[in-house]
1. Could you tell me which residue of the range 285-317 is surrounded by the most Cβ atoms within 10 Å (Cβ to Cβ), considering only residues that are under 29 Å from the mean Cα position of the chain (by Cα) and over 16 Å from residue 260 (Cβ atoms)?
2. Residue by residue through the range 99-144, note down the ones that are among the acidic types (Asp, Glu) and more than 20 Å from residue 181 (Cα to Cα).
3. Being surrounded by 14 or more Cβ atoms within 10 Å (Cβ to Cβ) and among the charged types (D, E, K, R) is the filter here; which residues of the range 23-49 pass it?
4. Please note which helices (runs of 4 or more DSSP H) are completely contained in the range 267-373 and include at least 3 residues that are of a type in the set (Gly, Ala, Ser).
5. Residues that are crowded, with 17+ Cβ neighbours inside 10 Å, in contact (Cβ under 8 Å) with a residue 40 or more places away in the chain and within 21 Å of residue 103 (Cα to Cα): does the range 131-138 have at least one?
6. Residue 364 passes all but one of (1) assigned by TED's automatic domain parsing to the domain that holds residue 457; (2) surrounded by 14 or more Cβ atoms within 10 Å (Cβ to Cβ); (3) in contact (Cβ under 8 Å) with a residue 24 or more places away in the chain; (4) not hydroxyl-bearing (Ser, Thr, Tyr); which number fails?
7. What about residue 182, is it closer than 28 Å to residue 399 by Cα and crowded, with 18+ Cβ neighbours inside 10 Å?
8. Any chance the range 147-159 includes a residue that's among the acidic types (Asp, Glu), part of a helix (DSSP H, G or I) and surrounded by fewer than 20 Cβ atoms within 10 Å (Cβ to Cβ)?
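The values are calculated or read from the model by the stated rules, or taken from the named source; none is laboratory data. Fair warning: this is a prediction, and the values are worked out from it, not measured in the lab. So basically every Cβ, Gly included, is an ideal-geometry build from the backbone, and we count neighbours across all protein chains shown.
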Amino acid sequence: MGLKYDGLMYERIYEILKNRIESGLLPAGTKLPSRDDLCKEFGTSGKTIRRVLSMLKEHGLIETHQRMRPVVCFHYHPRRSMINLALKRIDTSITDEVLKTGVLLGYPVIEKGIALCKQEGFQIPRKIVDSMNIEDSAEFWRLAKQFQRFFIRRNENDLSLRVMDSLGLSELRPLRDNTEIRIRFYGQLQELMSVIEEGGDTDSVHFDDMSGIYGLTYGSEPAFDVPADSAAVLGREQLEKLLLREEVRYSAVYMDLLSLIAIGRYKPGDKLPTHNELQKLYNVSVDTTIKAIQIMQEWGVVKAVRGNGIFVMMDIHDLKKIEISPHLIACHVRRYLDTLDLLTLTIEGVAAYAATHIMQEEIEEVMGEMNHFWNEDYLYMLTPSFLLNLIVKHTGDGSLNAIYTLLRRNLGIGRSIPALLETGKTAVDHELHGQCMTALNQLYAGHQEEFSDGTAKIFRYIYDYVVSKCKKLGYYDSAMEVYDGRALWK
C-alpha cells in the first residue's frame, strides 16, 4: 500500500485494521500478523505498529499477551449494556438534526459512489445484499449499513468517509423490528441493486419510510439502540472530536501559520504567539509546536530567538520563492482536494437549506464586503470564502454547521500552498467574483433554486481549476499517494 507521512500513518493503519475486524474479515479468535509482517505490509516502523496495536487494545478490538501475537476479541453483537444509558441521555433534537445532516450530505455522496461503480465494483455490494439473512435481525441491519457505506467509500475520499462516519448513523440499530419489515426492505434493496447493475434510474426505486430506525421517536422514547458515546447521543462536541483528530498534526500548525503570513495577518518583524499560546490555539502538545516552528525556521520563514520570541522573516512575496518539496505539503494538498470534492458534491443542497434563512440585509452586507475587498485588498479565493461564510452562518448550530465549519477552514489551505497563491487578480478570480455576485443577486431577488445551482457551479469551477493547477505544479501525484483511495472500498 505504501502509506507515507508518519504524522498520519498510525491513524490510517489503525482505521484499516479496525475496519477489517469490525467487518468480519478478521473474526474473533484470529491472530493478527506479526509486528514484522505488519511493518512490511504498511511500510512503516515498529514504533508506529506498537502504537496502532495499543489503540486497538484500548478500544477493545484485540487482546495482547507477552511473546504472543495479538488476538482479535471483537464480536459483533448488540451492546445491550449501553442501551438504557443511551436512551436516558440521548438528545432527540440533536439526533433529528444529525439525521437531516446525514440525508443532506449522504445522498449526493452515495449517488456519486453509485455513478463511479463499473461492473467490477458492483460485485461487492451485490455480495453484501446476497449475504443478508432476513432471519438474523442484527446481522441483517449491519449489512444494510455496510451496503450504504460501500458507496460512500467508493468515492475514494477519506474526508467524506470520516464526515459520514462521525455522524454515528451507522451505529443505529432498530429496537422495533420484525420479519415483515426486513422482507420488504430486502426486496427494495434487491430492486435497487438490479437497477444499479442495469444502469437505470435509482430514483425510480421506492423505499418505505424507515425514519424510526434513524432517530425519530415513538411516544416519549427514541426507537433505536445506539452506543452511549455516539455522536447521536453526545452531539456536536463528540462529532467535532471525531472530525478534528487529524487536525492536530504539526503540519496543520505550520500550514496555518504560513496562511496567516500569506494574508498579511503577520508581517516581517511581527512576533508570533508563544509556544504556550500556540498549544492552546491549536490544541496540540509543545512537541508539535516546536517541530512546526523548526520546519518554518529551516525555510527561513521565521526566526526563534531564545527568551525573546518567534519573529516573522518573510512576506507573501518571499513565501512564493520557497522551494518546498511536494511531499512535505502533500497531506494538506490532499485534504484541500478532498475538501473541494466534498463541497462540490454537497454545496447545492446545503446552500438551498441555508437560503431559506438568509435575510436580504445580510446579502447586501456580504455583497458590500465582497466589493470592498475586491477593489481594495483582494486575496486568493476570497470572494468564494465570503459566499461560503454566509452559507455556513445559516446551517444551524449542530452537526451540519460543525462539518461545514471544518470545510470552510480547510478551504483556507489553498492560500498557503506555495505557487498556488496569486498576488494579483487573474482571469479565474474575475470569473469567480462575477459568478458569486450573480448567485447573491439571484438570492436577493428570491430565486433560491438559482442561487443554490449557481453556488454549486462555482465550487465545481474551483475544484476543476485547483486540480488542473496542482497537476501543473507537481503537487497532484504526491497528494494522491498520501493514501490509497481504492483501499477504502476494495
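1. 288
2. 111, 120
3. Answer for the range 23-49, where residues must be surrounded by 14 or more Cβ atoms within 10 Å (Cβ to Cβ) and among the charged types (D, E, K, R): 35, 41.
4. By residue number, 326-355.
5. The answer is no, given that none of the residues of the range 131-138 is crowded, with 17+ Cβ neighbours inside 10 Å, in contact (Cβ under 8 Å) with a residue 40 or more places away in the chain and within 21 Å of residue 103 (Cα to Cα).
6. Among (1) assigned by TED's automatic domain parsing to the domain that holds residue 457; (2) surrounded by 14 or more Cβ atoms within 10 Å (Cβ to Cβ); (3) in contact (Cβ under 8 Å) with a residue 24 or more places away in the chain; (4) not hydroxyl-bearing (Ser, Thr, Tyr), the lone unmet condition for residue 364 is (2).
7. Against the criterion (closer than 28 Å to residue 399 by Cα and crowded, with 18+ Cβ neighbours inside 10 Å), residue 182 does not qualify.
8. no
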